[in-house]
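Every read-out reported here was derived from the displayed coordinates using simple, explicitly stated rules and does not represent laboratory data. A quick note: this is a predicted structure, and the numbers were derived from the prediction, not measured. Here the Cβ positions follow ideal geometry from the backbone for every residue, glycine too, while neighbour counts run over all protein chains shown.
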Amino acid sequence: MRTNMVDVPRLVDHDQRRAELGEAAIRIILREGLAGVTVRGVAAEAGWSTGSLRHYFSDQHALQAYVVQATTGTLRRRVIPRVQRPRTEGSVVEQVATIVEEMLPLDAQRREEYALWSAIVEWERHHPQEGGSVTWNDQRALHRQCVAALRGHEPVREPDQATAPHPDAQVELWAALLHTFVDGLAAQIVNTPGQVSAGTAGHLLRSLLRAVPRPAQPAHHPERENAPQDR
């Protein structure tokens, strides 16, 4: 006996499919750079038809914009927990150095992350963002926090405060110097690996951090004015 069958559309998890596309695009970036992220190339990498991919992205610009956003999120999920993990051992210089080293391509994982950051920077260079480069602002905020710690300031609690200029002019100056130094050091590690080893990079970084001038007087913390004084 034949029964009538009704075709039931299969539910599609669009968020999951976009995540799959993002992962496929990241694999392409690591092999070919951002230029390799095309509708045809991502469709092939993900095992989709080109027509299926165009259901989500009408052209290469829309696809790359999504990929950059997804890659930024992936990197933040990877790097931020490592940067924010508690550090209680060693001097302040050593603790700050281990934070900054998360931004240096010193091993396979961080070299991969550096390649992804570079792809994002390339996109931002060709498509300037309102408010400036997100990547640059994120990295400058990290360096600002590190220098502030070296100069005895309390860490800021709100993310927006970390991206704003610090009231201590020396923090702003040395954050800019540290940011420039780290970018240049990272480029040397990638481009001339035989000349700059991980050990050399670590030594240079710590030498710069030790050069950050400490304030003559302890940093001023208004919230501590009414606290009991140490005897």
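Quick notes on this one:
- Relative to the longest principal axis of the Cα atoms of the chain, the long axis of helix 134-150 makes an angle of roughly 30 degrees.
- Ordered by the number of other Cβ atoms lying within 10 Å of each residue's own Cβ, fewest first, I29, I80, I189 fall into the sequence I80, I189, I29.
- Only Lys, Arg, Asp and Glu carry charge here, each on its Cβ (+1 for the first two, -1 for the last two); on that basis the chain has a dipole of about 400 debye about its Cα centre.
- Per-residue ³J(HN,Hα) for the range 21-33, Karplus 6.51 cos²θ - 1.76 cosθ + 1.60, θ = phi - 60°, Hz, x for Gly and Pro: 5, x, 5, 5, 5, 4, 4, 5, 4, 5, 8, 10, x
- The ranking of D168, D107 from fewest to most other beta carbons within 10 Å of each one's beta carbon is D107, D168.
- Taking other Cβ atoms within 10 Å as a rough exposure proxy, T88, T71, T192 sort from fewest to most as T88, T192, T71.
- Taking a point 7 Å out from the Cα of T163 in the direction of its Cβ, the residues of the range 113-127 whose backbone N falls within less than 16 Å of it are 121, 124.
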